[in-house]
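The structure under discussion appears below in the form of structure tokens.
The values are calculated or read from the model by the stated rules, or taken from the named source; none is laboratory data. Note that the coordinates shown come from a computational prediction; the quantities given were computed from them, not determined experimentally. Every residue, glycine as well, gets a Cβ built from its backbone with ideal geometry; the counts of neighbours run over all protein chains shown.
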Amino acid sequence: MTARTPGTSAEGATRYFCGVRTEAEPTEATPADYESAGELLRALAAPLRIAIVMELAAGPKYVHQIVETLGVTQPLVSQHLRVLRGAGIVRGTRSGREISYSLIDDHIAHIVTDAVHHAREEH
């Protein structure tokens, strides 16, 4: 049996994270990468922010649409959108008096969707 570096296969092409097989990244993650990932996950830690990201995964939405869909107040949605915008998760585009919010990229939608699906599974 060949000795392996933790996280790599004998061939070095496959990584295992929490027992799940993943493709190896071209470079190893740095402590700064882990810090950035932690900041991202902290920004997603509130259930309402997860719900907002799930709504925006379907496409851009105005604040009033998010309020109506989620059944919460406009100031609360705006507060959470401010956190998500500050974390680089969403962007706002002004259209007259309204701002349309969208996800900056699809990676966030995948992370949140996978987390929600995982939470639904029986363990």
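Checking each residue in the range 28-48 for being touching a helix residue (DSSP H, G or I) at 6+ places or on another chain (Cβ under 9 Å) and closer than 16 Å to Asp105 by Cα picks out Leu40, Leu41, Ala43, Leu44. Residues in the range 3-16 include none that are of a type in the set (Lys, Arg), closer than 19 Å to Ile104 by Cβ and either surrounded by 15 or more Cβ atoms within 10 Å (Cβ to Cβ) or modelled with pLDDT under 95 (or both). Go through the residues of the range 66-76 one by one and say whether even a single one is touching a Gly at 6+ places or on another chain (Cβ under 8 Å) and over 20 Å from Leu40 (Cβ atoms). Looking for residues that are touching a Gly at 6+ places or on another chain (Cβ under 8 Å) and over 20 Å from Leu40 (Cβ atoms), one finds none in the range 66-76, hence no.
Exactly one residue out of Ala57, Ala87 is among the hydrophobic types (A, V, I, L, M, F, W, C), within 26 Å of Ala37 (Cα to Cα), surrounded by fewer than 17 Cβ atoms within 10 Å (Cβ to Cβ) and in contact with a helix residue (DSSP H, G or I) (Cβ under 6 Å, 6 or more places away or on another chain), and it is Ala57. Among the residues of the range 64-84, what is the count of those that are surrounded by fewer than 17 Cβ atoms within 10 Å (Cβ to Cβ) and at negative phi? The number of residues fulfilling the criteria is 13. Restricting attention to the range 72-109, the residues that are assigned to a helix (DSSP H, G or I), of a type outside the set (A, V, I, L, M) and either modelled with pLDDT of 95 or more or closer than 17 Å to Leu48 by Cα (or both) add up to 8.
Taking the criterion of being surrounded by fewer than 12 Cβ atoms within 10 Å (Cβ to Cβ) and not basic (Lys, Arg), the residues of the range 90-101 that qualify are Thr93, Ser95, Gly96. Candidates are the residues of the range 53-87 that are touching a residue at least 40 places away in the same chain (Cβ under 8 Å) and out of contact with any strand residue (DSSP E or B) (no Cβ under 8 Å at 6 or more places or on another chain); the one that is farthest from His118 (Cα to Cα) is Gly86.
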